[in-house]
1. Are there any helices in chain A, counted as whole DSSP H runs, that stretch 20 Å or more along their axis by Cα and score at least -0.5 on average by Kyte-Doolittle, and if so which?
2. Long-range amide H contacts for B:LEU97: which residues qualify at under 5 Å (H placed 1.01 Å from N, peptide plane, sequence gap of 5 or more or a different chain)?
3. Set Lys and Arg Cβ to +1 and Asp and Glu Cβ to -1, take the dipole of chain B about its Cα centre, and tell me which of B:ALA339, B:THR136, B:ALA246 lies farthest positive.
4. Taking every residue in A:110-120, how many Cβ atoms of other protein chains lie within 10 Å of its Cβ, on average?
5. Relative to the longest principal axis of the C-alpha atoms of chain C, give the angle of the C-alpha long axis of helix C:196-232, reported between 0 and 90° and rounded to the nearest 10°.
6. Rounded to the nearest 10 Å², what accessible area does C:CYS19 have for a 1.4 Å probe in the complete protein model?
7. Quick check on chain B: take the gyration tensor over C-alpha atoms, sort the square-rooted eigenvalues as a ≥ b ≥ c, and tell me if it's rounded (a/c under 1.5), prolate or oblate.
8. Express in whole angstrom the spacing between the alpha-carbon centres of the stretch A:185-260 and the stretch B:296-345.
Amino acid sequence: MIILCTLAAIVFAPWLTSYAEQGLGAPGPDRLLAPSAEHVMGTDQLGRDMWARVLFGGRVSVSVALLVVLLAIGIGVPLGIVAGYFGGWVDQIIMRATDVFLAFPPLLLAIFMAALLGNGFGNLVLAIGLGWWPWYTRIARAQVVSLRQRPFVEAAQFMGVGHTRIMARHLAPFVVSPVMVQGTLDLGATILTAAALSFLGLGLAPPTPDWGQIIAEGRAHFPARWWYVTFPGLAIFLVALAFNLLGDSLRDAQKTEGHS
Amino acid sequence: MSINLRQLALAITAVCSLAVGPVAAADKNIFSATYGQGFIDIDPSSANSNEIALIANVYEPLVWYTPGEDGADATFSPALATSWEVSEDQLTWTFKLRDGVVFHDGTAFTSEAVKYSIQRTQTLDSGSAWIWWMVTDVETPDPLTAVFKLSDPAPLDLIASSAYAAWMMSPSIGDKDSAWFNEGNAIGTGPFKLRDYQPGVQAVLERNPDYWGGAPEGGIDIAVLESIEDSVLREQKLLGGQTDWAQNLETDNLAAIDAADGVRVNRAAAFQNFFGQFNTARPPLDNADVRRALSMAFPYDDFVNNIMGGTVTQARGIVPLGMPGHAADAVQYSYDTAAAKAALDAAGVAEGSLELTVTYTSGVPEAQKAAEVYKASLAEIGVTLNLEPMTWEAQWERAKADPAAAQDIFMMSWWPTYVVAYDFLSSLFHSSDEIAYNLAYYNNPDFDTMINDANGLLANDQAAAYAGFASAGKVLADDAPALFMYDTQNIVGINDSIKGYSFNPAYSGVVFLNKLSR
Amino acid sequence: MGFKVLGKRLLMACVVIFCVSVLTFLATRILPTDPAALYAGPRASTAKIEEARLRLGLDKPLVLQYAQFAGKALTGDFGVSYRTRQPISKDIKKFLPATLELVFIAMLMAVVVGIPLGVLAASKPKGCLDQISRLGAIGMASFPVFWIAMIFQLVFFSWLNWLPLSGQFSRETMLFNPITVVTGFNSIDAILSGNWAALSDVARHLVLPALTLSLYPIALAMRMTRSAMGEVMQEHYITTATAMGLSRREILFRFALKNALPQTITVLGLTFAFSLTGAVLVEVIFAWPGIGSYVTAAILAVDFPVIMAVTLVGTVIYVLVNLLVDLAQASLDPRVALS
């Protein structure tokens, strides 16, 4: 439910507010107004409607999260399948590389990369995604290792089907389900990480609406102008909660399926 | 779960009720000041930032700069020098020194200490040591006379009052390097001694009982100078009475702070401003008409009075109002989008064709506000502005690397090393082969000649020098190599129980502790 | 477990740390920003910058530079910070205990609060308690740390005025009741020196940051314990025990938890990692002078030697803790082989 509402709000953002331009960055006339009927979440330091900022910020946050997870899957899964399928030294090299990336405490790598790369949408995605792919490599590899000795793989090999084709056609489909579950769970975590980075000033360039950055701005106005920090914070919480709940349910469902 | 929450609540209340007040020290008069940035380098020879807040209380210069009240000329008041005179040829300055002054370690303050301090600073050649470039030697005919030999005429009284690199230290320091100071050592003559120092976090100063100048009634015994980066934490500490003085408060909260019990807001004009240098090395910003058009597209009134809440004033040229050499008759651009658009058309810039980038230091709230507001107002005249916040180092490196590939607008704030208009005019706009802070890449030989001539007059004829700076400033404003946004005020929150605080714009951020009482 | 396996694990850890050090080193050297200019400081002349380049050895080939960096790092010398102008190892020694103090409390909370809650939730799968704790844990894990920290400040300082706003201790403690430094951990040092007034002050300052930092670890411990217990509870011997009429409490804590413990131990490693990075945000909000505020300030000042040193030290600690966790797991459960 929450997910549907959130996604709907984000997709239909321009139609849910009469302040679409302010949501994207144009200053408004009245600064730092408390929530009212006209501005349900108040206005910010440049007079922009907070509801519009939060809505458009959602578009940014969710797309960053989606791209990070896609990037992580895009790098991680093929490597995992290759490692699991070939085994041997290929496996060794790939898995030791994941060890190296997983050796960085989480977030620290993202902070490190974001500091190196600088502000920007692509850089933010890259900074977080680089620390995330090894998890998918592990998942994909584990799945493939358990399938490698199955008769249908050996049959395909015997019939002279190429390695690439076996991996793409016969092994990849089995990887989809666990990766989907992990991906959903990670959406919540990436939204939190992205928010943390932009809170530290390593996010997107203004005036792009960005939840973490709005909170960083609102920090100076807190607690007197409570709405400045409270609403974007609640938005982050709700979206992260939604993805976490969905991921958790999917995992439960998958477990039950596995047991039966 | 409920059980555990209750236990947690119990634990918290237990800890809270444990709070026995720490050992009281009723007989000590403690003052604490909270800064937005930590002290890094407290070597008086090389310190070049807000460390002067500490240094100006532990060390003293030969001369203090005292701004004139209500438009009167500034004066130089005796510090460790009691009088000084300059020779006919302007190349010899003789300082008579104060008698009976001792350093914190008991060493007597003599002309040898002056010679030692100047030479140590020159040898270290770091920070603002360049201010002494024309000093070839310091002679010590007797313990209370120091004679400065100059290679070129210079206003040495003004230079000796510099906020950086002009502090007198004990010859007993010998050849110790900056690291020794930054371990928490200091030997000055000032009214306070350094008791404890944690780099970047805090410094504790205690009264020097042997100070030659004595102490005021109800004076401060111990001062804690701490740094907290978060403006809201500084504000809360001030309101909660955990600190007596706090700087860099959020402008939108000033009214509330002023209205709160027990605290007041102190505002004073500062010799500091905020501007955006245009890249004059590249079309179309190499065309002064285009720069003038862009200068008409910033909503000065709204920004100054509404967004900054009247805490700043619109700039007129680059030298701030109140500083000698300010150009009072320079052009001040006003916000007029129709005129700006017409000027762009006239300069042959088609609507929608101009896309500019602005760089500013991330985490500086007013820079972000200015950039966002400028973006919106430029959009109205069909100019796209892209914002690129970055660290100061990255911003500066990129600007210095290659003007042709650099930003279009470089936003920054400036204040002088010692109070002279030349600092603004020359550092920011004098042409040079090696780019430092002329990030407009401005190259105007006539302007260079004007400011250099005026500067040459500074030692002989101050009035003529200031008039020269003012006419150069006028030329500059007309040529618009920068968007002159605003002059800043020094705004601090201070506890009502503290008396005697005043701001000296020559020593930004310094609280003169020996003038305070409670 | 054989020493041979242990040796192999240690060797692997060393290889990983080596790769991490090479990666961080290279990453900071391919940047357009000139370390020599940073070292020389603002308004430095070209000559000063060149002097700094020579002093830092930046004119040498990269391989030599790395060798020099690694050689010094091995002896605990990470060079001098551009920003604080202090030896980095000295800074780290000063700031790390403050962070570890928070991290250890967060881990303790995970064990003391999170694990029992997980056990309780597992006692009746799909029961009311289980559902509530599931929602609670997922909720706690969904809060942005920096935001909840601000809300805590609002509630406990601004509204209730129960707890101090920020910092490690009050001005009075610092001036008149200073804590003798023994271990660097303020609370432990206060106990060791019998400085009770300071201890209560330190404890009051610890509550909010530690509470904020523990939310995620508690949630994590709850969920992991719950899921490990869930599997154990389906085993036959539990059913047998129930049939034999053992009390529910005895079954849960004496049999089930004991068998779920190896998996729960993993929680410790994970909570440690998350607290270590969560501390970065918590310290910024509470002006806590720990390694997190230190590295954040370093990032904003492009202070590469510090960023590298902290990343490296953080990684070493992280790898070591994970190794310890694996060892503990293996010793608790002989079925887990060290592979």
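1. A:50-86, A:88-103, A:133-148, A:172-199, A:227-259
2. B:THR82, B:THR145, B:ALA146
3. It is B:ALA246, whose Cα lies furthest towards the positive end.
4. That works out to 6 on average.
5. It works out to around 50 degrees.
6. Roll a 1.4 Å probe over it and C:CYS19 shows about 50 Å².
7. Numbers: a/c = 2.05, a/b = 1.14, b/c = 1.79.
Oblate, since a/c reaches 1.5 and b/c is not below a/b.
8. Between the Cα centres of the stretch A:185-260 and the stretch B:296-345 lies a distance of 40 Å.
The values are calculated or read from the model by the stated rules, or taken from the named source; none is laboratory data. Bear in mind the structure is a predicted one, so any value in this text is a computation, not a measurement. Cβ sites come from the backbone with ideal geometry, for glycine too, and all protein chains shown count toward neighbours. The area values use the complete protein model at the heavy-atom level, side chains included, leaving out ligands, DNA and RNA. Shrake-Rupley method; radii C 1.70, N 1.55, O 1.52, S 1.80 Å.
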